[in-house]
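Novice: What follows is a single structure, and I will ask about it in a moment.
What follows is calculated from the coordinates using simple rules that are stated; it is not laboratory data. These figures come from a predicted structure and were not determined experimentally. All Cβ positions, glycine included, derive from the backbone under ideal geometry; neighbour counts span all protein chains shown.
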Amino acid sequence: MEVAETTGRRAGLSPEDEMYLWEHYDSRARARIIEAYQPLVFHIYGKLGIQLGEEGVDLVSEGTVGLIQAVDNFDYHRGVPFKSYAYLRVKGAMIDYLRAQKIAVKGGELREFEFFATLASDNGNEDRFSLDRLDFLFSQLDRLSPREAEIVRGLYYEGLSQRELAIRLKCTPANISILHGRAVKRLQKFAREETQRAAATGLAWFIPTL
């Protein structure tokens with residue numbers, strides 16, 4: 001059985017409704033947030049560009065587990081938009097499943113996602129993506145070039161594909177790939193500098209994984 005896209009419904013809530021649910025978080029709010037962001041799972045599944053038949057159902061289930069984990073681990077007091085955190089958790093869970101099942105996926109764009117995901121991950125914590133790291137990385141976007149920052153925001157805030165970004169920015173996907181690589185390297189450098197500053201003052205922050 002093929003996985004069908006959900007009804008054209010967009011993922012998410014209005015900023016006001018979402019903030020209300022986080023501020024009044026309980027089992028009902030949790031269920032409402034998961035329901036509102038379920039279309040994100042189907043959106044990411046569609047962007048992977050693979051047809052899996054029965055295994056597609058399992059892949060969507062893994063993405064939904066990633067979404068639930070995102071809700072359960074999120075802290076709205078941080079400077080990380082929930083949609084960005086959920087996007088990373090959902091796509092990361094799907095990629096992990098595909099690799100575990102030895103299912104080939106198209107290379108470049110997923111490899112680049114993994115570069116950013118690795119920078120955002122915390123190897124000392126069972127949670128794959130650290131909100132501390134993401135908060136720091138997103139806070140450094142103003143130190144990138146305007147084009148690099150727009151690419152990071154487009155990919156990880158909006159969940160756009162490289163092709164979609166290329167159309168928006170009137171360039172080629174290859175240009176997006178190059179600039180994305182530069183942005184990740186600069187963010188990696190900023191993270192290392194922050195780690196060195198923290199170490200110099202005797203504070204533990206995080207150890208970059210790249």
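Novice: Which lysines have a Cα less than 23 Å from the Cα of residue 83, not counting those fewer than 8 places away in the same chain?
Specialist: 47, 91
Novice: Candidates [x] 17.5; [y] 18.0; [z] 18.5; which is the computed Kirkwood radius over Cα pairs in Å?
Specialist: [y]
Novice: Which value in deg cm²/dmol, rounded to the nearest 500, describes the helix-derived mean residue ellipticity at 222 nm for the chain, given -39,500 (n - 2.57) per DSSP H run of n ≥ 4 and division by the residue count?
Specialist: Helix-only estimate at 222 nm: -22000 deg cm²/dmol.
Novice: Would you mind telling me which residue in 81, 173, 15 has the biggest mean-square fluctuation in a Gaussian network model of the chain, where springs connect alpha carbons within a distance under 10 angstrom?
Specialist: 15
Novice: What is the local net charge at residue 152, summed over the other residues whose Cβ is closer than 13 Å to its Cβ (Lys, Arg +1; Asp, Glu -1)?
Specialist: Charge balance in the 13 Å sphere: +1.
Novice: How many nm separate the modelled label positions at residue 143 and residue 186, each set 7 Å beyond the Cα in the direction of the Cβ?
Specialist: Calculated label separation equals 1.1 nm.
Novice: Also: Could you put 116, 190 in order, starting from the residue whose Cβ has the fewest other Cβ atoms within 10 Å?
Specialist: On the way: 116 21, 190 17.
Ordered by Cβ neighbours within 10 Å, fewest first: 190, 116.
Novice: Take the chain, connect every pair of alpha-carbon atoms lying under 10 Å apart with a spring to form a Gaussian network, then pick out the residue of 70, 183, 199 with the largest mean-square fluctuation.
Specialist: 199
Novice: Something else: What residue among 23, 109, 35 shows peak mean-square fluctuation when the chain is described by a Gaussian network model with Cα springs under 10 Å?
Specialist: Most flexible of the set in this elastic network: 23.
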